[in-house]
Each structure stands twice: as structure tokens, then as C-alpha cells.
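Working notes, beginning with the structure itself.
Values in this text are rule-based calculations from the coordinates and carry no lab data. These figures come from a predicted structure and were not determined experimentally. Cβ atoms come from the backbone with ideal geometry, glycine included; neighbour counts cover every protein chain shown.
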Amino acid sequence: MKYCQGPSCHTYETKDRIRGPKGNKHYQTRRRSSFHYLGGNACDMRCQSDWFQKFGEQAVNHFGRITEPKKVMCDQAWYKSCDWSNGNHYFVNDLLGQRIPITQQQYDDESLVRP
């Protein structure tokens, strides 16, 4: 059973955190939520935010802080799009200003990523 990793989870006074027999009650950390906050490690957005406020800077430094902007070049900027009002499918490249019609089968083919 996994518990919420929020550093202050046990301090929030909610009825579902109350545990213990009468006369010896206490607040306890919740189980993690099925909503996948913090990648499935937090029970709600408040605990997710608490975790990131406490450990976010350390995590970014550990896993790699971006020091230069990332770029997507024109030849790599293709994506698939669908106009649901008329059912037409396209390859679109906003950088080049191009829109190429494709079939439904090409749209559904995940291995096809550019024209």
C-alpha cells in the first residue's frame, strides 16, 4: 500500500485522515490517490504542491536544469490534426505554413509521424 508523499499530508485536518480508537485519535497520512497526482504519489493537488515547493528545486537540479532553450526545427515540426467538423485529416507544419491532406488510415498509423 502506498501512502501520500506530501510532506505535510498528516497535518491537514480532514475527517478521512482521522485514525485511532476513541480517546487516542490522531491525523494520519492518506493513501495515494487514483488521480495520479505527483505521478501517483500524492493524494491531492495540495500535497502535490507541498512536495514540489519543498523538493522541486532539488529535483530539477538533480535531473537536469535546462540552461538553453530547446528548439524544434522546421523538418521536425510536423503533427497530425483532424478537422472534426468535416472529418478531414492532415499533416500540419505551422512553421512552414503547410497542411497536407492524409487518409484516416494514415492518421491512425502511429508509426507515420511526418509526410
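Applying the selection to the range 15-43, what residues are surrounded by 11 or more Cβ atoms within 10 Å (Cβ to Cβ), part of a loop (DSSP other than H, G, I, E, B) and not small (Gly, Ala, Ser)? Correct list: Gln28, Thr29, Arg30, Arg32, Phe35, His36, Leu38, Asn41, Cys43.
Considering only residues that are outside any strand (DSSP E or B) and among the charged types (D, E, K, R), which ones fall in the range 57-86?
Glu57, Arg65, Glu68, Lys70, Lys71, Asp75
Residue pairs whose Cβ atoms lie under 9 Å apart, sitting 6 or more positions apart in sequence or on different chains, and linking a residue in the range 59-82 that is without any contact (Cβ under 8 Å) to a residue 24 or more places away in the chain to a partner that is surrounded by fewer than 10 Cβ atoms within 10 Å (Cβ to Cβ), are Val60/Ile66.
Filtering His10, His89 for residues that are part of a helix (DSSP H, G or I), free of Cβ contacts under 8 Å to residues at least 40 places away in the same chain, surrounded by 10 or more Cβ atoms within 10 Å (Cβ to Cβ) and touching a helix residue (DSSP H, G or I) at 6+ places or on another chain (Cβ under 8 Å) leaves a single hit, His10.
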